[in-house]
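In what follows, a single structure is set out as structure tokens and then discussed.
Read the figures in this text as sums done on the coordinates, not as results from a lab. Note that this is a predicted model, so its numbers are computed, not measured. So basically every Cβ, Gly included, is an ideal-geometry build from the backbone, and we count neighbours across all protein chains shown.
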Amino acid sequence: MLIRQMTVGSMAVCCYLVACDKTGKAMLIDPGGNEDEVLAMIKKEGVSLAYIVNTHGHPDHVCGNGPIKKATGAPIVMHEADAAFFCRPEVDKYFSMLGLAASPPPDRLVKDGDILQVGQLSFAVIHTPGHTPGGICLYSAPHLFTGDTLFVGAVGRTDFPGGDLRTFMHSIRSRLLSLPDETVVWPGHGYGGSRSTIGEEKRSNPFINGEF
């Protein structure tokens with residue numbers, strides 16, 4: 001598996017290019033800006049984009065969807081709950097204050113347990129609501145792409161529309177901390193570092209350990 005991490009956009013989103021070594025098929029996770037650099041990375045690696053996947057619908061994670069889709073033809077993938085939530089007029093109006101481009105409608109809606117096939121790689125969709133109603137993580141052992149659900153030493157915020165702290169912590173504890181300790185965590189922002197493991201987050205993440 002080829003993994004390339006790039007920090008993009010005004011909000012320093014961790015965008016990922018993940019590709020199958022054997023077939024050259026790839027998916028792009030959370031294109032949140034710097035589209036020219038992202039497209040150059042795709043070209044440099046010589047891969048064919050099968051999907052543009054959003055871990056959630058916040059504008060900083062989806063604002064590059066349109067240009068990337070136009071350039072590559074790859075379909076946009078989002079959880080069904082976020083696709084419905086973020087098209088509500090009052091939600092769109094709230095997040096428009098960020099001044100970031102809106103995403104075209106997703107081409108494929110997913111739910112918990114769905115599988116995204118990228119060449120010979122299989123990624124399980126893990127629904128982790130709480131940051132947003134349709135937040136997801138993508139798991140292909142030993143790699144876990146967590147979006148804004150789990151950071152290195154921190155977790156996502158829940159004070160935006162659609163957030164819920166109780167639901168969020170249940171998602172993290174029941175869906176992510178049950179994965180093997182050696183699972184590699186690739187976060188949606190590099191606030192505390194560019195990657196970690198589930199075991200390390202269990203040991204040292206103060207939000208998980210109840211110190212906050």
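Multiplying the residue separation of Leu165 and Tyr191 by 0.36 nm and subtracting their alpha-carbon distance yields 7.4 nm.
Placing one equal scatterer on every Cα of the stretch 1-156 and applying the Debye formula, the log10 ratio I(q)/I(0) at q = 0.10, 0.17, 0.20 Å⁻¹ is -0.31, -0.94, -1.35.
Per-residue ellipticity at 222 nm computed for the chain from its helices equals -6000 deg cm²/dmol, with DSSP H segments shorter than 4 residues left out and the rest contributing -39,500 (n - 2.57).
If R0 is 35 Å, the Cβ-Cβ spacing of Glu45 and Met97 corresponds to a FRET efficiency of close to 0.50.
A straight chain from Val184 to Leu2 at 0.36 nm per residue would run longer than the Cα-Cα distance by 64.1 nm. A Cβ-based charge dipole, computed about the Cα centre of the chain with Lys and Arg at +1 and Asp and Glu at -1, lands at about 280 debye. In terms of its C-alpha gyration tensor, the stretch 101-156 has an oblate overall shape, because the principal axis ratio a/c (a ≥ b ≥ c, square roots of the eigenvalues) is not below 1.5 and a/b does not outweigh b/c. Strictly over 19 Å apart at the Cα level, which of Lys25/Lys69; Lys43/Lys69; Lys22/Lys44; Lys22/Lys111 would you flag in this model? The pairs that break the limit, which is 19 Å between Cα atoms, are Lys22/Lys111. Its relative contact order, with pairs defined as Cα atoms under 8 Å and 6+ residues apart, puts the chain at 16 percent.
From the square roots a ≥ b ≥ c of the eigenvalues of the alpha-carbon gyration tensor of the stretch 98-200, which class results: rounded (a/c under 1.5), prolate (a/b over b/c), or oblate? It is rounded, given that a/c, with a ≥ b ≥ c, falls under 1.5.
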